[in-house]
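Chemist: I am attaching a structure below and will ask some questions about it afterwards.
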Amino acid sequence: MTDKGTSDTGANSMWGGRFAAGPDAIMEAINASIGFDQRLAAQDIRGSRAHAAMLAVTGIISDTDAQAIGEGLLTVLSEIEGGAFKFRTDLEDIHMNVEARLKEIIGEPAGRLHTARSRNDQVALDFRLWVRDQTDAVIAGLDLLIRAFLAQAEKGADWVMPGFTHLQTAQPVTWGHHMMAYVEMLGRDMGRFQDARIRMNESPLGAAALAGTSFPIDREMTAQELGFDRPMANSLDAVADRDFALEFLSAASICAMHLSRFAEELVIWSSAQFRFARLSDRFSTGSSIMPQKRNPDAAELLRAKLGRILGATVALFTIMKGLPLTYSKDMQEDKEQVFDAADNLILSLAAMEGMVRDLTANVPVLEAAAASGFSTATDLADWLVRELGLPFRDAHHVTGTLVAMAEKKGVDLPELTLAEMQSVHPGIRDDVFAVLGVHNSVRSRQSYGGTAPDQVRSQIARWKEKLA
């Protein structure tokens with residue numbers, strides 16, 4: 001994908017008359033990108049058909065030539081999709097492979113396709129179209145995954161489980177509230193991809209090599225035909241910009257991080273030590289030597305995907321960071337890691353959706369765990385403030401003393417007697433026990449965004465309306 005101007009034709013003749021000899025075999029190997037950029041075939045042909053149609057409308061080429069080009073390109077696309085197309089390394093990239101085959105099919109008119117165009121704006125267009133397509137696929141995948149979490153949240157709006165800080169029991173929460181936390185994260189991910197799509201939706205086609213073209217082209221026409229909002233306003237920026245790919249990778253990295261966090265929870269929850277939840281057989285594997293094992297391999301693999309996606313992000317930032325305007329061959333290295341990151345993110349979203357939909361909560365174990373570890377200590381402190389008027393710091397001290405007393409006795413807070421509690425603070429009354437149950441605790445968290453089942457259901461309804 002090299003700057004070649006706008007008049008490239010032929011095999012080695014595609015380089016024009018400047019070079020007498022063909023490239024060295026090593027140079028050919030390092031220079032060729034067809035091994036990976038053939039994935040841009042559909043986008044390349046779509047862009048070329050739009051370009052040819054515009055050239056005819058503006059009178060730059062004849063209607064007859066444009067029709068032959070358009071039909072010939074559809075034939076090429078059919079051959080590629082059917083697996084009959086023979087990609088050639090000596091033709092370097094997808095653009096020259098398509099154009100060479102087009103010439104074999106329709107003859108001389110194929111040479112007119114590249115009028116008023118360079119491989120610089122051509123690859124910028126193809127890559128932008130491809131990333132836009134992947135962005136749409138990611139948004140669709142996120143929509144399905146959010147709906148899976150909503151289904152879990154709705155099912156378990158009343159199920160009590162421990163909420164953790166430092167992976168230590170902190171306060172009781174509901175299963176539904178925990179699921180809705182991921183709905184919020186994934187919703188922000190969706191917003192990032194939607195925002196990135198708006199910014200990437202400008203067409204670089206017509207910028208030519210870097211300075212625009214002297215031909216009377218209609219860039220608005222090609223932009224509209226290809227579904228863009230407008231043409232890019234600066235020809236230098238049009239061929240040099242890869243922000244759209246960087247934004248895609250940045251959003252993908254954050255999204256993969258969120259998936260990795262829940263994957264880690266699935267690994268923990270499905271362990272024999274926790275038994276909070278069970279992954280379905282579809283997303284578990286056995287051991288080659290230990291017949292009792294059910295390994296959460298899918299979750300573990302998802303947990304690792306961030307490494308690849310974040311690595312791709314760092315790689316592309318590193319490639320782009322020192323490039324002067326406009327095009328440099330370094331930018332041929334912009335695609336493979338984006339292809340890999342997109343593939344892995346879309347696969348990860350689908351796998352996570354399946355795991356979430358199949359996930360079975362162990363409700364009795366969750367409730368028992370929620371009641372352990374003095375999880376209602378904050379409720380006791382709040383009661384002392386609310387009912388006895390203690391300053392919170394004093395209430396915190398009284399509660400801490402009672403926790404130490406319960407810990408010494410080997411019991412939980414609700415199992416202390418009223419007399420034992422009054423030995424620490426004589427104002428404590430019998431109605432304190434009403435706030436020490438985990439269900440009472442979660443029901444009391446009625447602040448907006450809190451874990452109370454009513455609040456959870458309200459957030460579920462809000463998200464259902466938003467997705468609709």
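The values are calculated or read from the model by the stated rules, or taken from the named source; none is laboratory data. Computed from a predicted model, the values in this text were never measured in an experiment. Cβ coordinates were reconstructed from backbone atoms using ideal geometry, including for glycine residues, and neighbour counts include every protein chain displayed. Quick note on the areas: whole protein, heavy atoms, side chains included, nothing else; ligands and nucleic acids left out. Shrake-Rupley method; radii C 1.70, N 1.55, O 1.52, S 1.80 Å.
Chemist: Based on Cα positions only, what radius of gyration and what Dmax would you give for region 371-462, in angstroms?
Modeler: 14.3, 47
Chemist: Expected output is a single nm value to one decimal: the length gained when fully extending between Arg462 and Ser271, i.e. 0.36 nm times separation in residues minus the C-alpha distance. What is it? Can you show the working numbers first?
Modeler: Numbers: separation 191, 0.36 × 191 = 68.76 nm, distance 3.34 nm.
Extra length available between Arg462 and Ser271 comes to 65.4 nm.
Chemist: DSSP loop trypsin sites (Lys or Arg not before Pro) in region 57-165 with at most 16 other Cβ atoms within 10 Å of their Cβ, which ones? Spell out each step's value before the answer.
Modeler: Values: sites: Lys86, Arg88, Arg101, Lys103, Arg112, Arg117, Arg119, Arg128, Arg132, Arg147, Lys155; in loops: Lys86, Arg88, Arg117.
Qualifying residues, ordered by number: Lys86, Arg88.
Chemist: Also: Would you mind checking the pairs Lys305/Lys335; Lys103/Lys329; Lys86/Lys335; Lys335/Lys464; Lys103/Lys335; Lys86/Lys329 and listing those with alpha carbons more than 29 angstrom apart?
Modeler: Lys335/Lys464
Chemist: Which residues does the label zone of Asp394 cover in region 410-447, counting backbone N under 17 Å from a point 7 Å along Cα→Cβ?
Modeler: 422-429
Chemist: Right, another one. Using the Cα centre of the chain as origin and beta-carbon charges of +1 (Lys, Arg) and -1 (Asp, Glu), tell me which of Thr285, Ile198, Asn344 is placed farthest towards the positive end of the dipole.
Modeler: Thr285
Chemist: Ordered by residue, what ³J(HN,Hα) values in Hz, to whole numbers, does region 338-345 give under the Karplus form 6.51 cos²θ - 1.76 cosθ + 1.60, where θ = phi - 60° and Gly and Pro are x?
Modeler: Going residue by residue, I get 5, 4, 5, 5, 5, 4, 6, 5 Hz, with x marking Gly and Pro.
Chemist: Give the Debye-formula value of log10 I(q)/I(0) at each listed q (0.21 Å⁻¹), with one equal scatterer per alpha carbon of region 25-112, two decimals each.
Modeler: Values, matching the q order: -0.95.
Chemist: Nearest 500 deg cm²/dmol is fine: what mean residue ellipticity at 222 nm does the chain get from its DSSP H runs of n ≥ 4 alone, each adding -39,500 (n - 2.57), divided by its residue count?
Modeler: -19500 deg cm²/dmol
Chemist: Next up: Tell me, what % of the accessible area of the chain is carbon and sulfur with a 1.4 angstrom probe?
Modeler: 54 percent
Chemist: What ranking of Leu349, Leu301 comes out by heavy-atom accessible area, probe 1.4 Å, highest first?
Modeler: Details: Leu349 5, Leu301 110 Å².
Correct descending sequence by accessible area is Leu301, Leu349.
Chemist: Averaging sequence separations of C-alpha pairs under 8 Å and six or more residues apart, then dividing by the length of region 141-295, give the relative contact order as a whole percent.
Modeler: Numbers: 157 pairs, mean separation 24.3, N = 155.
Value for region 141-295: 16 percent.
Chemist: Find how much the distance from Thr360 to Glu420 grows on full extension, using 0.36 nm per residue of separation minus their present alpha carbon separation; answer in nm with one decimal.
Modeler: Gain on stretching Thr360 to Glu420: 17.6 nm.
Chemist: Let me ask another. Could you do me a favour and compute the accessible area per residue for region 227-319, 1.4 Å probe, result in Å²?
Modeler: Working: 4500 Å² over 93 residues.
It amounts to 48 Å² per residue over region 227-319.
Chemist: Sticking with this one: Answer with one residue from Leu74, Trp383, Pro426: the one whose Cα lies farthest towards the positive end of the charge dipole of the chain, charges on Cβ with Lys, Arg +1 and Asp, Glu -1.
Modeler: Result: Pro426.
Chemist: Can you give me the long-range amide H partners of Val160? Hydrogens built in the peptide plane at 1.01 Å from N, cutoff under 5 Å, separation of 5 or more residues or another chain.
Modeler: Placed amide hydrogens put Trp175 under 5 Å from Val160.
Chemist: What residues qualify as long-range amide H neighbours of Ala277, i.e. H under 5 Å apart, gap of 5 or more or another chain, H built at 1.01 Å from N?
Modeler: For Ala277, the qualifying residues are Ser270, Asn362.
Chemist: Now, a different point. Mind putting together the pair-distance distribution for the chain? All Cα pairs, 20 Å bins, whole percent per bin, short to long.
Modeler: Here the calculated profile for the chain is 21, 38, 25, 13, 4, 0.
Chemist: Suppose accessible area is computed on protein heavy atoms with a 1.4 Å probe; arrange Tyr448, Tyr182 from highest to lowest.
Modeler: Result of the area sort, largest leading: Tyr448, Tyr182.
Chemist: In what order, largest first, do Arg357, Arg219, Arg294 sit by accessible area if the probe radius is 1.4 Å?
Modeler: The ranking, largest first, comes out as Arg357, Arg294, Arg219.
Chemist: Separate question: For region 316-331, in order, what is each residue's ³J(HN,Hα) by Karplus, 6.51 cos²θ - 1.76 cosθ + 1.60 with θ = phi - 60°, in whole Hz (x at glycine and Pro)?
Modeler: 3J(HN,Hα) across region 316-331, in whole Hz: 5, 4, 5, 4, 7, 5, x, 7, x, 5, 10, 8, 10, 5, 3, 6.
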